[in-house]
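Peer 1: Take this structure first; my questions come after.
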Amino acid sequence: MRTYFSTRHTGSKQGYGRGVALVFARTDTGWFHDTVSLATSVCFIKKRIHFVRPDGSQGGGSGAASCLIIFGGDNSTAIKKSGIGMVLSEAKS
């Protein structure tokens, strides 16, 4: 995880990295802290995610709590408006 995010989104703080990553909320890991430090914000999803199969039937649930790591202000605003969870952004000084 650490290598993917560090090479993919190193420019996000400068305004040109955009995207949203759905990951397990593993706040006790180094990759999580490294990645969130590059992000615009993070959304901790209220409930566990359940997946839907291509035929529309209910699939399995996720094995742990999930979060969205958000890169880019437009993405952050949209996810805040969705109400799917608690969005935390870096405090501006």
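The values are calculated or read from the model by the stated rules, or taken from the named source; none is laboratory data. Because the structure is a prediction, the values reported are computed rather than measured. Here the Cβ is made from the backbone with ideal geometry for all residues, glycine too, and neighbour counts use every protein chain on show. We work out accessible area using only protein heavy atoms, side chains counted, and drop any ligands, DNA or RNA first. Shrake-Rupley method; radii C 1.70, N 1.55, O 1.52, S 1.80 Å.
Peer 1: Do you know which of the residues in region 1-14 that are exposed (fewer than 13 other Cβ atoms within 10 Å of the Cβ) and not in a loop (DSSP other than H, G, I, E, B) is modelled with the highest pLDDT?
Peer 2: Per the stated criteria, the residue is Tyr4.
Peer 1: If I ask for residues that are loosely packed, with under 15 Cβ neighbours inside 10 Å and either hydrophobic (A, V, I, L, M, F, W, C) or part of a loop (DSSP other than H, G, I, E, B) (or both), which ones from region 27-48 would you list?
Peer 2: Thr27, Asp28, Thr29, Ser37, Lys46, Lys47, Arg48
Peer 1: Could I ask something else about it? Do you know which of the residues in region 63-87 that are in a strand (DSSP E or B), of a type outside the set (Val, Ile, Thr) and open to solvent by less than 80 Å² (accessible area, probe 1.4 Å) is farthest from Phe24 (Cα to Cα)?
Peer 2: Here the answer is Phe71.
Peer 1: Name the single residue, out of those in region 27-41 being touching a Phe, Trp or Tyr at 6+ places or on another chain (Cβ under 9 Å) and of a type in the set (A, V, I, L, M, F, W, C), that is modelled with the highest pLDDT.
Peer 2: Applying the filter and picking the extreme gives Phe32.
Peer 1: Next question, about the same structure. Could you check region 15-26 and list, in sequence order, the residues that are closer than 20 Å to Ile84 by Cα, modelled with pLDDT under 90 and assigned to a loop (DSSP other than H, G, I, E, B)?
Peer 2: Within region 15-26, Arg18 is the sole residue that qualifies.
Peer 1: Can you report the number of residues in region 76-93 which are among the charged types (D, E, K, R) and at pLDDT below 90?
Peer 2: Matching residues across region 76-93 total 2.
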